1. Which of the three applies to region 68-133, rounded, prolate or oblate, going by the alpha-carbon gyration tensor with a ≥ b ≥ c and a/c under 1.5 meaning rounded?
2. In what sequence, highest mean first, do 27-33, 96-102 appear when ranked by Cβ atoms within 10 angstrom?
3. What is the local net charge at THR7, summed over the other residues whose Cβ is closer than 13 Å to its Cβ (Lys, Arg +1; Asp, Glu -1)?
4. Just tell me, in residue order, which DSSP H segments of the chain are both 15 angstrom or longer along the helix axis (alpha-carbon based) and at least 0.5 in mean Kyte-Doolittle hydropathy.
5. Please give me the summed charge of the neighbours of LEU22: other residues whose Cβ is under 15 Å from its Cβ, Lys and Arg +1, Asp and Glu -1.
6. Can you work out ³J(HN,Hα) from phi for every residue in region 105-116, in order, using Karplus 6.51 cos²θ - 1.76 cosθ + 1.60 and θ = phi - 60°, giving whole Hz and x for Gly and Pro?
7. How much length, in nm to one decimal, is gained on full extension between LYS29 and ILE16, taken as 0.36 nm per residue of separation minus their Cα-Cα distance?
8. Only four residue types carry charge here, +1 at the Cβ of Lys and Arg and -1 at the Cβ of Asp and Glu. Report the dipole size of the chain about the Cα centre in Debye, rounded to the nearest 20.
Amino acid sequence: MIFIRETVEKDLASVIGLLQCLSSFVPKKNDYPYIWEAFNEQKNLHSVVATLEEEVVGYGSVLIETKIRGGKAGHIEDVVSHQMYRGMGIGKALMDALYMIAEENECYKVTLQCREQNRVFYKKCGYANSGITMQKFLKK
């Protein structure tokens, strides 16, 4: 059975491994303690993992932003499930948990950006197209 819970420090290596299918960025293992500390200090960021028999098989996060007019918006990021366990409802369970966190934090909307090939999945989770997303990466 899939279990959704808050992300804890011991999950970091598993989560980083899962995120490799979204981005090629790989932090150094020596940096894990510093990464966790900086990540965990963000009080407006909530993250969850999906576990199956104690193994981390999914991850997602929601950033709660307080807008200039006082409302709050949730921004879902980095939703991923292990390739071997796709089709088992892990992604939907993660999305539901993140939405509940946004609701508990009194967000008036929840947004996300995704790749074109993932649009159908997010529509099944109740999300609708709302304009376009653009981005510009900083040069290093």
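Every read-out reported here was derived from the displayed coordinates using simple, explicitly stated rules and does not represent laboratory data. It should be emphasised that the depicted structure is a prediction, and the values quoted were computed from it without experimental measurement. Please note: Cβ atoms are built from the backbone with ideal geometry, for glycine as well, and neighbour counts cover all protein chains shown.
1. Numbers: a/c = 2.50, a/b = 1.52, b/c = 1.64.
In terms of gyration-tensor shape, oblate.
2. Working: 27-33: 10.3, 96-102: 18.9.
Result, highest mean Cβ count within 10 Å first: 96-102, 27-33.
3. Details: positive: ARG5, LYS10; negative: GLU6, GLU9, ASP11, GLU77, ASP78.
Neighbourhood net charge equals -3.
4. Numbers: long enough: 90-104 (21 Å, 0.65).
Taking the DSSP H segments of the chain (at least 15 Å long, mean hydropathy at least 0.5), we get 90-104.
5. Numbers: positive: ARG86, ARG115; negative: GLU77, ASP78, GLU116.
Net charge around LEU22: -1.
6. 8, 6, 6, 8, 7, 10, 10, 7, 10, 8, 6, 3
7. Numbers: separation 13, 0.36 × 13 = 4.68 nm, distance 1.01 nm.
Answer, rounded to one decimal: 3.7 nm.
8. Values: 18 positive and 17 negative charges, 160 e Å.
Using only the charged Cβ atoms, the result is roughly 780 debye.
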